[in-house]
Every structure is written in structure tokens, then in C-alpha cells.
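A short worksheet on the structure shown next.
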Amino acid sequence: MAKTSIQRRLIAAVVISQLLLAVGVVSVAVYFTRRQLRNAFDAQLNGRAMSIAALVRYSEETHPRLIFEDDLVPLPLEQGHADLYEVLGRDGHLIARSPGWPSQPLPAARPGRSHVNFEFDGIRYRAVHLENVPVLDREVDTPKDDVLTVTYAAPTDQMSRAIAIAGVYIALGSLVLLALTVGLAAWALRRSLRPLAELAGKASGISTSNWELDPSETARNTTELAPLTQAMTTMLDGLHRAFTQQREFLANAAHELKTPVAILKSTLQSLLQRPRDAGEYRAGLEQALDDMARLEKLLHSMLRLARAEQWAAGSARRDLEIIDLVATCQSVIDHLSPIARERDVKLEFSKDGAMPILADADDLELVWSNLLENAIRFSPSGETVRISLRANGPAGFVEVEDRGPGMLPAEVEHLFERFHRGDASRARDTGGYGLGLAISKALIEAYGGTITPESQPGQGMRMIVSVPLKTG
């Protein structure tokens with residue numbers, strides 16, 4: 001498919017629109033010029049016709065009594081071509097007629113009109129036909145019912161030339177204005193589209209090694225481009241973050257998978273190094289099964305995280321039902337109470353009442369279990385972990401608070417990263433695989449909620465979870 005250019009399309013649209021405008025202006029101007037010249041020409045014809053009528057007078061010495069003084073006929077309107085005229089009396093008798101009057105009758109004017117165009121001897125004429133014109137040279141004893149019919153015609157070549165010259169000047173002026181306006185519009189379009197071209201050039205430089213859009217100041221300050229620039233910057237930041245997380249996830253997953261696979265391989269190789277009795281084989285296989293269980297748990301957590309992130313990205317689930325948020329928390333508390341007693345940690349649970357929510361009970365129980373396990377693990381002996389539920393309009397809030405060592409703000413920012421552990425030793429007996437909080441965050445966001453940590457060193461940790469409740 002051939003490439004198209006927005007700039008060329010806009011310039012072409014401007015040129016076409018300006019050209020149509022120029023044609024319209026020229027047409028209208030020529031039309032009104034022609035009409036004004038023709039009206040002026042018709043006024044001259046009427047004046048000439050009345051001048052011819054004024055040359056008719058009464059005479060006592062001749063019969064008929066009306067005579068025409070042809071020696072006073074005015075000069076023609078156009079030099080080189082004679083005007084034509086004819087004067088008839090009341091009864092239709094001929095009083096006067098110009099030399100060279102056409103032998104054929106002139107064409108009749110349209111109803112309601114007194115002017116008519118015709119061609120005679122290769123020359124175009126325009127004639128005016130006036131009826132019931134009174135005789136101006138009256139005496140006291142002359143009859144009052146004497147009226148004249150006057151026809152006067154003059155060539156229109158001079159008027160046509162004037163119209164043509166006016167049309168040429170109007171067209172030339174319009175072409176000059178067209179060139180100026182098109183040039184100005186093209187310059188303005190190129191200047192206006194320059195920020196867009198610069199933004200496109202910056203966007204073309206985006207790659208996996210360069211995530212900086214760095215739009216120009218003009219693009220940022222352009223009203224139409226500012227939302228696009230902001231959206232592209234936000235999108236690139238999200239893509240960069242997702243790309244980095246994905247790369248780190250693969251590296252961390254490979255690291256986490258490498259250890260149990262290496263241990264399993266070492267166990268099996270040791271069993272094959274020399275013949276062993278049944279007890280040794282059994283012990284070796286049990287060790288291999290333990291390693292497989294850890295590997296299976298890790299793979300299950302990774303799969304659960306991937307599914308949760310797919311749901312959070314918009315993949316709708318169909319297996320949801322209305323459940324009680326309080327019941328899911330109570331179930332987790334009952335399950336972890338023995339662990340809390342073993343670590344000498346008290347669990348304090350408070351609630352406002354039933355809180356219906358459209359969700360999967362297993363998902364929410366996994367979230368509460370991860371949060372509560374962390375709170376119990378990091379709480380000193382003899383301290384209390386508080387779990388409180390409250391409803392605020394359409395939202396339900398679950399807070400899990402402990403009195404552990406807390407975290408620095410810089411550490412809180414990485415709390416939900418995959419394979420992140422709070423202790424630098426990455427010991428599995430204190431930090432697990434580092435996927436629990438990442439899974440919890442993905443599941444809560446999949447249900448349209450948020451999870452917010454609040455912590456200060458020495459003041460413990462408080463996790464605030466907000467989820468939309470099912471109303472109505």
C-alpha cells in the first residue's frame with residue numbers, strides 16, 4: 001500500500017478549497033459586473049429611445065401631422081457601427097426609421113421585459129422597445145391620445161469587451177490572492193505540523209535499548225499534542241517497567257529453578273554412583289520427592305502469578321460468585337492460628353458485619369494468607385497482629401497490621417516485586433520465593449482493588465487492601 005502524507009493531504013485540501021473559492025469569487029464578480037454594465041447600457045438605450053421620441057413633433061404643413069427631425073439624431077453609442085431606431089404612431093404607421101433597419105421583424109421581448117438581444121449583419125445588438133410614449137412637442141389644439149412606439153438598438157460589442165476585460169482583471173487578482181493564501185496556508189501547515197513530525201521522529205528512535213521519548217518543548221506545549229505526548233510517555237514508562245520486570249523475572253525464575261533442579265540431579269546421581277540397599281534408595285527418593293515438591297510449589301506460584309496478571313490486564317473470569325469477605329478472612333485466621341500460637345503471636349480480628357463481594361474465595365484466601373503469614377513471621381514474640389474489616393460506601397477495606405521491625409521507604413517501593421525478599425540473605429526459611437506479595441497484588445488489582453503498604457522502621461507494617469463490594 002502506498003504511503004500517504006498528512007501534510008500533503010492538508011495542503012491539497014487547502015489548495016482545492018481556495019481554488020473553488022477563487023472560482024466562485026470570479027464567477028460572482030463577473031456576474032455582477034456584467035449585470036451592472038448591462039444595466040448601465042440599458043439606461044443608455046432608454047435615454048436614446050426617449051431622445052428619438054423627442055425628435056417627433058407636430059406639423060401643420062404635412063400629412064400625417066407627426067414628423068421626425070432626423071437631422072438631430074444623436075451619434076451612435078459605438079463608433080464604426082450605426083445605431084438602429086424605429087418610431088411608429090398610434091395607429092402603427094411609420095414615422096421614422098434609421099437607415100439599414102433590418103428587413104426582418106425584430107424578435108419579441110419576453111413578457112414583462114422591454115429589452116431583447118438579437119444579431120444583425122454579423123453584429124450583436126441589444127434593443128429597447130417602448131410603447132405608449134407621449135409626444136413631447138404638444139400644442140394646445142393637438143390631440144392628447146397621440147402616443148408613440150419607439151424601438152432603439154445599439155451594438156453590444158463594446159459592452160462585451162468591457163465585461164471580458166473586467167473578468168480578466170478579476171481572474172488575475174484572484175490568482176494572485178490564491179497564490180498568496182495557498183503559500184501562507186502551506187507555510188502555516190508545515191509550521192503547525194512540525195511538532196508532530198518531531199514527535200514522530202522521536203518515537204521512531206524508541207527501542208529496547210532506548211525507552212526515552214524526550215519530546216520537544218513545542219510538542220509539550222501544543223494543546224493537541226500534549227495529551228498524546230503524555231500518553232506516550234506514560235505508556236513507554238509502563239512498557240519499560242514491564243520489560244525490565246519480565247527480564248528480571250526470567251533471570252530470577254532461572255535462578256530459583258536452578259537450585260532445586262541441581263539438588264535433585266545431585267541426589268539422583270549419588271544414588272547411581274554405587275549399589276545401595278533398599279533403605280538408602282528409599283531415603284534418596286524421598287529427598288528427591290521433597291525437592292520435586294519445592295519445584296512444584298515454585299512452578300505453581302509462578303503460574304498463579306501469571307494468571308492473576310492476565311486477569312488484572314482485562315481477561316474476564318466467568319467462575320465468580322457472590323461470597324462474604326468476612327468469611328474468607330475468618331477461614332484464613334482459623335487456618336493460621338496454630339502457627340501464630342507456636343510463635344507466641346496473638347491474632348485480633350474485628351469486623352463491621354457481612355461484606356458481599358463478587359470474587360473467587362480461593363483467590364481472596366490466598367491474599368489474606370500471604371499477608372497474615374508475613375505479619376506473623378515478622379512479629380516479635382508476645383506481640384499482636386490485628387486484622388480489621390470495615391465497609392465505606394461501595395468499597396470494603398481489609399487492614400493487616402503487625403508490630404514487627406518495619407521497613408525503610410526505599411524498601412517498601414520494592415515490596416511487591418517478583419522474587420523480592422526483605423532480607424539480603426535470601427534464605428528460604430524466612431523469605432520463601434518472594435512471589436507471595438506479587439501474587440496478592442495482582443489478584444487484588446484483578447478485582448479492581450488496591451493494596452497499599454504503610455511502614456516505618458521500628459513501627460511495624462500495615463497492609464491496607466481496598467476492594468469493591470457487591471451492592472444492590
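Values quoted throughout were computed directly from the atomic coordinates according to the rules given, and no laboratory measurement underlies them. Here the structure is a predicted model, which is why all the values come from computation and not from measurement. Note: ideal-geometry Cβ built from the backbone for every residue, glycine included; neighbour counts use all protein chains shown.
In terms of Cα to Cα distance under 29 Å, which lysines are near enough to K258, apart from those fewer than 8 places away along the same chain?
Those lysines meeting the cut-off are K297, K441.
Using the crude model of +1 on Lys and Arg Cβ and -1 on Asp and Glu Cβ, and no other charge, please compute the dipole size for the range 321-468 relative to its Cα centre, in debye to 20. Write down the numbers at each step before the final one.
On the way: 14 positive and 23 negative charges, 73 e Å.
Result for the range 321-468 is approximately 360 debye, rounded to the nearest 20.
Grab the beta carbon distance between A43 and I206, set R0 = 60 Å, and tell me the FRET efficiency rounded to 0.05.
Details: r = 75 Å, r/R0 = 1.24.
So, using R0 = 60 Å, E works out to roughly 0.20.
Placing unit charges on C-beta atoms (Lys and Arg positive, Asp and Glu negative, everything else neutral), compute the dipole magnitude of the chain about its Cα centre in debye, rounded to 20. Spell out each step's value before the answer.
Details: 51 positive and 58 negative charges, 244 e Å.
Once rounded to the nearest 20, the dipole reads 1180 debye.
Can you give me the Cα centroid spacing of the range 388-407 and the range 9-33 in angstrom?
Using only Cα atoms to place each centre, the spacing works out to 71 Å.
How would H115, H93 line up from fewest to most surrounding beta-carbon atoms within 10 angstrom?
Working: H115 16, H93 9.
By the 10 Å Cβ count, ascending: H93, H115.
For Cα pairs less than 8 Å apart in space and 6+ apart in sequence, what is the mean separation divided by the residue count of the range 6-164, i.e. the relative contact order in percent?
26 percent
Which trypsin sites (Lys or Arg not before Pro) in the range 41-130 pass both tests, a DSSP loop state and at most 11 other beta-carbon atoms within 10 Å? Walk me through the numbers on the way to the answer.
Working: sites: R48, R57, R65, R90, R97, R113, R124, R126; in loops: R65, R90, R113.
The qualifying sites are R113.
What percent antiparallel are the DSSP beta bridges of the chain, to the nearest 5? List each step's numbers first, then the result.
Numbers: 50 of 56 bridges.
Approximately 90 percent, going by the DSSP bridge assignments.
Would you mind ranking V367, V133 so that the residue whose beta carbon has the fewest other beta carbons within 10 Å leads the list? All intermediate terms of the calculation are to be shown ahead of the outcome.
Values: V367 31, V133 17.
Listing V367, V133 from fewest to most nearby Cβ atoms yields V133, V367.
Near the amide H of F120, under 5 Å away, which other amide H atoms are found, from residues 5 or more places off or on another chain, if H is placed in the peptide plane?
For F120, whose amide H was placed from the backbone, the distant partners under 5 Å are Y125.
Could you work out how far apart the two model spin labels at L72 and T234 are, taking each label as a point 7 Å from the Cα in the direction of the beta carbon, and quote it in nm?
Between L72 and T234, the label points sit 9.4 nm apart.
Taking Rg and Dmax of the Cα atoms in Å as the quantity of interest, determine which of [x] 51.6, 169; [y] 34.8, 113; [z] 22.9, 67 was computed from the displayed structure.
Read-out taken from this structure: [x].
Excluding same-chain residues fewer than 8 positions from K351, which lysines have a Cα within less than 19 Å of its Cα?
List returned: K470.
Which whole-angstrom value gives the distance between the alpha carbon centres of the range 344-362 and the range 56-105?
Each part reduced to its Cα centre gives a spacing of 119 Å.
Could you state the angle between the C-alpha long axis of helix 157-204 and the longest principal axis of the C-alpha atoms of the chain, as a value from 0 to 90 degrees rounded to the nearest 10?
In the chain, helix 157-204 runs at an angle near 10 degrees to the longest axis.
Which value at 222 nm does the chain reach when only helices count, each DSSP H run of 4 or more adding -39,500 (n - 2.57), with the total divided by all residues and rounded to the nearest 500 deg cm²/dmol? It would help to have the intermediate numbers written out before the result.
On the way: 10 runs with 240 residues, N = 472.
So the calculated ellipticity at 222 nm is -18000 deg cm²/dmol.
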